[in-house]
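S.K.: Below: one structure in structure tokens.
The values are calculated or read from the model by the stated rules, or taken from the named source; none is laboratory data. All values derive from a computational prediction rather than experimental measurement. Don't worry about glycine lacking a Cβ; one is built from the backbone with ideal geometry, like all the others, and counts go over all protein chains shown.
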């Protein structure tokens, strides 16, 4: 069963490029964080196809990075991190690490770390360890959780497919 996001403007019926542009405009200009959250989800759906020949997947990834670096709402940034993991946008792992270690929002840090765990980003395990010293107990617990999960998963297939979590 697919998760349904409130889509009062029927953006899912728009051609993909137009939908991207509408979401881009909302994310950059809308003051209502609930609308920005919906736009993150709706644009994230456009990055589902790893064989995207129109390069929309990369445009979506770049927009999600923009959200992580510029949005002021932790819930919106939380969703952007999730979308990066859910769509397995591995070329944005460095962005998730930066958010995990340096963002002002505890919620954003938590989800960036959890997303790294979902993506099985073993290559940044040492950086995740740094989050074990974060002032926030929630961030520390998330880092410890992901590190334990990594330890358990080592030696198993490291291939990650988004369908495993969605």
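S.K.: Please state which of the following conditions residue 49 fails to meet, knowing it meets all the rest: (1) farther than 15 Å from residue 95 by Cβ; (2) under 19 Å from the mean Cα position of the chain (by Cα); (3) part of a helix (DSSP H, G or I).
M.R.: All conditions are met except number (3).
S.K.: If you don't mind, another one. If I ask for residues that are surrounded by 11 or more Cβ atoms within 10 Å (Cβ to Cβ), modelled with pLDDT of 95 or more and assigned to a loop (DSSP other than H, G, I, E, B), which ones from the stretch 3-31 would you list?
M.R.: Passing the criteria: only 30.
S.K.: Do we find that residue 118 is in contact with a helix residue (DSSP H, G or I) (Cβ under 7 Å, 6 or more places away or on another chain) and farther than 25 Å from residue 52 by Cβ in this structure?
M.R.: Working: in contact with a helix residue (DSSP H, G or I) (Cβ under 7 Å, 6 or more places away or on another chain): yes; farther than 25 Å from residue 52 by Cβ: no.
In short, no.
S.K.: Select from the stretch 105-138 the residues that are under 16 Å from residue 79 (Cα atoms) and surrounded by fewer than 18 Cβ atoms within 10 Å (Cβ to Cβ) and list them in ascending order.
M.R.: At the first step, the residues of the stretch 105-138 found to be under 16 Å from residue 79 (Cα atoms) are 105-119.
106 - this is the single residue of the stretch 105-138 that is under 16 Å from residue 79 (Cα atoms) and surrounded by fewer than 18 Cβ atoms within 10 Å (Cβ to Cβ).
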